[in-house]
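Student: Take a look at this one; I'll ask things after.
No value in this document is a laboratory result; all are computed from the given coordinates. Worth saying up front: this structure is predicted, and the values here are computed from it rather than measured. Because the Cβ atoms are built from the backbone with ideal geometry, glycine has one as well, and the counts that use them run over all protein chains shown.
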Protein chains: 2
Amino acid sequence: MPSTPLNRLSHISSHIASTSSDMANNGTSRPKVVVTRDLGPEVMPLLLNRAEKDIDILVWNQDRACDRTWLLENVAGASALIVLVTDKVDAELLNAAGPQLRVVSTMSVGYEHVNVYELARRNIKLGYTPDVLTDAVADISIMLALMAGRNARETMTIVNNGQWPEYNWAPFLFCGRQLSASRSSPIRVAGFIGFGRIAQATLARLVPFGFTDCLYTSNPSSKPNPSRDSQIATDQRLRSVRRVDLQTLAEQSDVVFVLAPGGDETANLVNEGFLKSMKKTAVLVNASRGSLVDSDALAKALREGWIWGAGLDVVKGEPGIAADHPLVKEPRCAILPHIGSATIETRLEMATLAVNNALAAIFDKDMPASLDLSAYSKQ
Amino acid sequence: MPSTPLNRLSHISSHIASTSSDMANNGTSRPKVVVTRDLGPEVMPLLLNRAEKDIDILVWNQDRACDRTWLLENVAGASALIVLVTDKVDAELLNAAGPQLRVVSTMSVGYEHVNVYELARRNIKLGYTPDVLTDAVADISIMLALMAGRNARETMTIVNNGQWPEYNWAPFLFCGRQLSASRSSPIRVAGFIGFGRIAQATLARLVPFGFTDCLYTSNPSSKPNPSRDSQIATDQRLRSVRRVDLQTLAEQSDVVFVLAPGGDETANLVNEGFLKSMKKTAVLVNASRGSLVDSDALAKALREGWIWGAGLDVVKGEPGIAADHPLVKEPRCAILPHIGSATIETRLEMATLAVNNALAAIFDKDMPASLDLSAYSKQ
């Protein structure tokens, strides 16, 4: 894959015409910023306007994930590397960049694709984009909870296939489970596996649906925080906010939201045992990482009616999810292709933050959002 | 279609065995209750437990809408008639019932299927089921607003068809519009065509999404109520709640919710002119009646990008909506088969209320929910 000059990016070519000759050779002393994807006409000018003054820029400009070979060939001499979740940042890439690399800035809240130990060892900073996607993912979590309860996938498919005329109104036709409180279910319990920013934003959105109680589980190594919990309960006018064990959460929740980090420690937390303990009327939502849910167990739970339905934004093994995947075959399983943060508003904020993290680091300013890597330092 | 004895309803046969001989002839003096559909094992005992004491019951027990001929043949002598939206209650049916009919009780909030003038003229009471479906429909309204903004139909279809593997992550892949407020869109305006109970319940659910302002239109003959509006604004911590004209609502709303009654007065309120005035980033939700939205205009608006997306629980001409309907062909149009009140919790409450309305009327007690028919009286 050949290196492609920046000015092939048609929508930004006018900005860089005057600097393209400087950028064609790397003989300047300006810090070099390598970007593994065109970040769009709203965000790229943040870099390109600097290109005329104090930085050099090299951008992978194809409309697909950055080619590894291209990146290894072109990263040399970079001071900053702006990457996406599709780019693996490992020792090989860092070696190819060279010792002047000061910052890796990823346009994501997760950093599973980055070897944080290698960064810590080399004293390279890591920028990421927490917080800005909280609302977008909380919105998707509410949407999936509603869709799972209200049989949205089954009923939409009937309409899309032109089968609506085959169904005549009947008292309980298409009936799902109600997210909101009702006379027969005045107590509504939200359960959160993981209780960080996104979970708390999701909880806030549930309050006007008549939710009364919140249960959550946390990383066992984190300290309980009952005063924080009672403050949330007061603020949200809930009867209770309580940290519990997984079994209690499974048994008592009307909706279970999986909103914890991925990785080995949380793999398959939602397994057959968990699903069998859930209420038959409850729904499961996963908007974090596919690895937390055992797909085969969930498919069995839906097939055999252990729970009412599921709404998933992530599936283990994604995007390699074929039509015959056991969860795709379950009509009560609404699956989205990992669009939790996929709003124009949020992705623009993420891209802007990724650029600002990179620029701040190379010019010795405070990065707006950097991860503390001291825990990963082996010294 | 032959009259089918009640005890063919297998799940309730044990309740009525002792009274079936009484019920086979109508020679008793007990008031007769005709029910046009089996209302399920949770609700039917409310009637059947009375059947042993003080009422006779006749139920259409097929798993489809009540046959008109059967109903005309069997309604004679009824004191109460419990109906669904699929049953047309007109002069012919009321004549067939006879002058002793005291109440028609419909398991619905709408009563387009009932000739209210004929009821008023004969002094027959009308029971219906308002309020109990408010939360179920507000839930669907929020779900549809989210689905319309987040491209839920398009993205779910990709997964269901096994096409997810064909899509590689990209910064703006699958991006939709965010319902929640964001740094770039801190002002969020909800617009309601019709501002009754369901609209207000929907508004309450939008508040934690960061909505700041509410616009609404009302029946022109209803009086403005600014003190009520400012009270809602205070209660919901909104900057403003304002009654406006349709044009202003179209121009300023980020989400337009259609939640007004059907009928001639509201037909096609959402037409080409309205849709052209909406923001390109806005979405339209209809969870009331299909007649309020011009389907062809909406399909054109989606095709040509006048608005971002639409979420519909109702479509004009439903359920006769084929796969080649112009709205079904629009990928940015998420359509549900009129499931707004279709939760088990709500439908059980509606059925219970319909039974209680009928029983109260025949035993001269206050009906829990009756419509005042005085406006329809021609005297």
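Student: Treat every Asp and Glu Cβ in the protein assembly as shown as -1 and every Lys and Arg Cβ as +1, leave all other atoms uncharged, and give the resulting dipole magnitude about the Cα centre to the nearest 20 debye. It would help to have the intermediate numbers written out before the result.
Tutor: Details: 76 positive and 80 negative charges, 211 e Å.
It comes to approximately 1020 debye.
Student: Now a separate question. Please sort by residue number the trypsin sites (Lys or Arg not before Pro) in the range B:144-224 whose DSSP state is loop and whose Cβ has at most 13 other Cβ atoms within 10 Å.
Tutor: Numbers: sites: B:Arg150, B:Arg153, B:Arg177, B:Arg183, B:Arg188, B:Arg197, B:Arg205; in loops: B:Arg150, B:Arg177, B:Arg183, B:Arg188.
Sparse-neighbourhood loop trypsin sites (Lys or Arg not before Pro): B:Arg183.
Student: Could you grab the Rg to Rh ratio for chain B? Cα atoms only, Kirkwood for Rh.
Tutor: Working: Rg = 23.8 Å, Rh = 22.9 Å.
Taking Rg over the Kirkwood Rh, I get 1.04.
Student: If you put a point 7 Å past Cα along the Cβ direction, how far is that point for B:Glu251 from the same point in each other copy, in nm, smallest first?
Tutor: Nearest first, the other copies' label points are 6.0 nm away.
Student: Now for a different question. Within the set of other residues whose C-beta is less than 13 Å from the C-beta of B:Gly194, count the net charge using Lys and Arg as +1 and Asp and Glu as -1.
Tutor: On the way: positive: B:Arg197, B:Arg243, B:Arg289; negative: B:Glu265.
Net local charge, B:Gly194 excluded: +2.
Student: Sort A:Arg37, B:Arg122, A:Arg242, A:Arg64 by Cβ crowding within 10 Å, fewest neighbours at the top.
Tutor: Values: A:Arg37 24, B:Arg122 14, A:Arg242 19, A:Arg64 11.
Sorted ascending by nearby Cβ count, the order is A:Arg64, B:Arg122, A:Arg242, A:Arg37.
Student: Determine ³J(HN,Hα), in whole Hz, for all residues of the range B:58-73 in sequence, where each value follows from phi through the Karplus function 6.51 cos²θ - 1.76 cosθ + 1.60 and θ = phi - 60°; x replaces Gly and Pro.
Tutor: Running phi through 6.51 cos²θ - 1.76 cosθ + 1.60 with θ = phi - 60° gives 10, 10, 6, 10, 7, 8, 7, 4, 4, 5, 4, 4, 4, 5, 4, 6 Hz.
Student: Let me ask something else. From the convex hull of the Cα coordinates of the protein assembly as shown, what is the mean projected area in square nanometres?
Tutor: On the way: hull surface 145.0 nm².
Across all orientations, the protein assembly as shown yields a mean hull projection of 36.3 nm².
Student: For the range A:134-335, what percent of Cα pairs sit more than 24 Å apart?
Tutor: Looking at the range A:134-335, the distances longer than 24 Å represent 38 percent of pairs.
Student: Could you line up A:Leu259, A:Leu348, B:Leu46 from fewest to most neighbouring Cβ atoms inside 10 Å?
Tutor: By the 10 Å Cβ count, ascending, the order reads B:Leu46, A:Leu348, A:Leu259.
Student: Defining the label point at 7 Å along Cα→Cβ, can you sort the distances from A:Thr234 to the same site in each other copy, shortest first, in nm?
Tutor: Taking the point 7 Å beyond Cα along Cα→Cβ, the inter-copy spacings are 2.4 nm.
Student: May I pose another question? Going by alpha carbons, how many degrees (0 to 90, nearest 10) lie between the helix axis of A:134-149 and the longest principal axis of chain A?
Tutor: In chain A, helix A:134-149 runs at an angle near 30 degrees to the longest axis.
Student: Across the residues of A:330-337, average count of Cβ atoms on other protein chains within 10 Å?
Tutor: Taking the mean over all residues of the peptide, I get 4.
Student: How do A:Arg332, B:Arg239, A:Arg237 line up, fewest other C-beta atoms within 10 Å first?
Tutor: The fewest-first ordering by Cβ neighbours comes to A:Arg237, B:Arg239, A:Arg332.
Student: Can you find, among B:Val328, B:Thr346, B:Phe363, the residue sitting farthest towards the positive end of the charge dipole of the range B:319-379, where Lys and Arg contribute +1 and Asp and Glu -1 at Cβ?
Tutor: My answer, from the dipole projection, is B:Val328.
Student: Taking the range B:255-336, which GluC sites (Glu not before Pro) meet the DSSP loop condition and have no more than 12 other C-beta atoms within 10 Å?
Tutor: B:Glu304
Student: On to the next question. Suppose you put the label 7 Å out from Cα in the Cβ direction; list, shortest first and in nm with one decimal, how far B:Ser374 is from each other copy's label.
Tutor: 7.7
Student: Ordered by residue, what ³J(HN,Hα) values in Hz, to whole numbers, does the range B:154-169 give under the Karplus form 6.51 cos²θ - 1.76 cosθ + 1.60, where θ = phi - 60° and Gly and Pro are x?
Tutor: Karplus values, whole Hz, x for Gly and Pro: 4, 6, 5, 4, 4, 5, 4, 7, x, 9, 3, x, 7, 9, 9, 3.
Student: Within 13 Å, Cβ to Cβ, of A:Asn225, how many net charges do the neighbouring residues add up to if Lys/Arg are +1 and Asp/Glu are -1?
Tutor: +3
Student: To continue, here is another question. What residue among B:Met156, B:Met278, B:Met44 has the largest mean-square fluctuation in a Gaussian network model of chain B, using Cα springs under 10 Å?
Tutor: B:Met156
Student: Now a separate question. With Cβ to Cβ distances under 13 Å as the rule, what net charge do the other residues near B:Tyr167 carry (K, R +1; D, E -1)?
Tutor: After counting each charged neighbour, the total is -3.
Student: Report, to the nearest 10°, how far helix B:226-236 tilts away from the longest principal axis of the Cα atoms in chain B, using its own Cα long axis and a range of 0 to 90°.
Tutor: Tilt relative to chain B: about 80 degrees.
Student: Determine the dipole magnitude for the range B:278-337: charges of +1 sit on the beta-carbon of Lys and Arg, -1 on that of Asp and Glu, nothing else is charged, the reference point is the Cα centre, and the result goes in debye to the nearest 20.
Tutor: 220 debye
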